[in-house]
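The values are calculated or read from the model by the stated rules, or taken from the named source; none is laboratory data. Every value quoted in this text rests on a predicted model; they were computed, and no experiment measured them. Note: ideal-geometry Cβ built from the backbone for every residue, glycine included; neighbour counts use all protein chains shown. Protein only, heavy atoms only, side chains kept; ligands, DNA and RNA dropped before computing areas. Shrake-Rupley method; radii C 1.70, N 1.55, O 1.52, S 1.80 Å.
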Amino acid sequence: MTSSTVLQAATTPTMYFVGVTTGKSSIMKVFPKWSDILGLGAQIKGYDCALHAPAEDYLAIVRHIKNDPFSMGALVTTHKVDLLHATRDEFEYLDPYALLCDEISSISKRGDQLRGHAKDPITSGLSWEAFVPENHWGNTGGHVLCLGAGGSAIAISVYAASRKNKADRPAKFITVNRSEGRLELLRGVHKQLDTDIEFEYILNEDPLKNDALMAALPPGSMVINATGMGKDRPGSPVTDNGVWPKNGLVWELNYRGELDFMHQAERRAEQDSLTIEDGWIYFLHGWTQVVAEVFDVQLTPELFAKLDDAASELRPR
Ligand SMILES: NC(=O)c1ccc[n+]([C@@H]2O[C@H](COP(=O)([O-])OP(=O)(O)OC[C@H]3O[C@@H](n4cnc5c(N)ncnc54)[C@H](OP(=O)(O)O)[C@@H]3O)[C@@H](O)[C@H]2O)c1
């Protein structure tokens, strides 16, 4: 909600969630449990912005966090690129991934410093490792087709390029986006990487063309829905007739919403031996990393397991 109540001075430590439909996110139920486990005594408030919102909306929340002592920080989703573009001058510190990827998912404070971190190359990587078998790309020769070139696509491709073992990174990474600006941004990020991955950029929003791109993938390829379609906006970037890569990996970045893309893959899962992953693990890694940054908590594997257990009890079925 962008109403003035969200931006009133907080009276208890408050973490913000900048998104599109924040009230529907599981974090609203999960955060109070995590606050108890971590002894934070904190609350969470959602701040909804329209897609590609005006700069004033992003400036309002960032300045509020900066100036209000009980406003501890925020997790940013969907608006990661647009928010940083609108508010860059407000930050005293941006981490190396934020500078490379030109986006932030974490806003935090240390002393007088307002800090922005791009956590997604780390958190998308942890999520990737949870379902992509070791040596998968060396064993299969599969490629990645990433539909959507926003903040998550940047993060996932940067993570893929960081994989040390050649068999753990795809030889080719194709990204499709409906507007040229995001593809340009992605190209700019990839130019700074020292990588042997062949990147391809395709300007398109026609699902039939996405079907054709998907049908041309080698077996073992990964298809990612990073468009937000099926949650932030209706539909799927591919049609019901899309041909999935045999033994392929299908990654829907969301875990809630209509999830049409994931359901399309599910209907072909058995015939095509698909491994299908939704966004729940990504959600957990994304939130735990940012909560740890905002509240200066040391996130150990044991603590992550506790937070995972508490959240999983509340997971929508
Ligand atoms: N599970 C999790 O914790 C988690 C973590 C990260 C992200 N996500 C989800 O993943 C989705 C993507 O996140 P993001 O941060 O990357 O969002 P984003 O920055 O808004 O990126 C979405 C991109 O997809 C493009 N797009 C939209 N419809 C398209 C279509 N039909 N064909 C081609 N491109 C299309 C958009 O193009 P335009 O620039 O033209 O609009 C935009 O560049 C969101 O729904 C987000 O909630 C979930």
Quiz prompt | Long-range tail of P(r) for region 46-153 (Cα pairs > 21 Å, %) | solution = 42 percent
Quiz item: In the full protein assembly as shown, how much of ILE276 is accessible to a 1.4 Å probe, in Å² to the nearest 10?
Solution: 50 Å²
Quiz item: What figure in square angstrom, to the nearest 10, would you give for the accessible area of ARG267 with a 1.4 Å probe?
Solution: 150 Å²
Quiz item: Which lysines, on any chain, are close to LYS166 with Cα under 23 Å apart, when same-chain ones fewer than 8 places away are left out?
Solution: LYS191, LYS246
Quiz item: Once you list every other residue whose beta carbon is under 9 Å from the beta carbon of LEU203, what net charge do they have if Lys and Arg are +1 and Asp and Glu are -1?
Solution: -1
Quiz item: Given the C-alpha centroids of region 132-174 and region 36-86, what is the distance between them in whole angstrom?
Solution: 30 Å
Practice problem: May I ask you to compute the full-extension gain from HIS52 to ASN135, defined as 0.36 nm times their residue separation minus their alpha-carbon distance, rounded to one decimal in nm? | Solution: 26.1 nm
Quiz item: Do the sum for the chain: with -39,500 (n - 2.57) for every DSSP H run of n ≥ 4, divided by all residues, what is the mean residue ellipticity at 222 nm, to the nearest 500 deg cm²/dmol?
Solution: -11500 deg cm²/dmol
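If you count only protein heavy atoms with a 1.4 Å probe, what accessible area per residue comes out for region 95-244, rounded to a whole Å²?
Working: 5920 Å² over 150 residues.
Accessible area per residue, region 95-244: 39 Å².
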Exercise. Using a/c under 1.5 as the rounded threshold, could you call region 168-230 rounded, prolate or oblate? The axes a ≥ b ≥ c are square roots of the C-alpha gyration tensor eigenvalues, and prolate needs a/b larger than b/c, oblate otherwise.
Key: oblate
Quiz item: Once you put a point 7 Å from the Cα of ALA310 and another 7 Å from the Cα of LEU59, both along the Cβ direction, what distance in nm separates them?
Solution: 3.7 nm
Practice problem: Report the normalised scattering of region 208-301 as log10 I(q)/I(0) at q = 0.22 Å⁻¹, calculated by the Debye formula with identical scatterers on the alpha carbons. | Solution: -1.03
Quiz item: Where a Cα-Cα gap under 20 Å defines reach, which lysines qualify for LYS306, not counting those fewer than 8 residues away within the same chain?
Solution: LYS29, LYS33
Quiz item: Which lysines have a Cα lying under 18 Å from the Cα of LYS66, excluding residues fewer than 8 positions away in the same chain?
Solution: LYS45, LYS80, LYS109
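Given a Förster radius of 30 Å and the C-beta distance between ILE202 and LYS246 as r, what FRET efficiency does 1/(1 + (r/R0)^6) yield to the nearest 0.05?
0.85
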Quiz item: Taking the Cβ of ASP112 as the center, what net charge do the other residues with Cβ under 13 Å away carry, scoring Lys and Arg +1 and Asp and Glu -1?
Solution: +2
Quiz item: What full-extension length gain, to one decimal in nm, is calculated for LEU193 and MET28 as 0.36 nm per residue of separation minus the Cα-Cα distance?
Solution: 55.7 nm
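Just to be sure I follow: if Rg is taken over the C-alpha atoms of region 122-278 and Rh is the Kirkwood radius over the same atoms, what is Rg/Rh?
Values: Rg = 14.2 Å, Rh = 15.4 Å.
My calculation puts Rg/Rh at 0.93.
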Quiz item: Got a number for carbon plus sulfur as a percent of region 122-278's accessible area, 1.4 Å probe?
Solution: 48 percent
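What is the calculated FRET efficiency for ARG110 to ILE37, with r their C-beta to C-beta distance and R₀ = 25 Å, to the nearest 0.05?
0.65
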Self-check item: Solvent-accessible surface (1.4 angstrom probe) belonging to LYS33, in square angstrom, nearest 10
Solution: 80 Å²
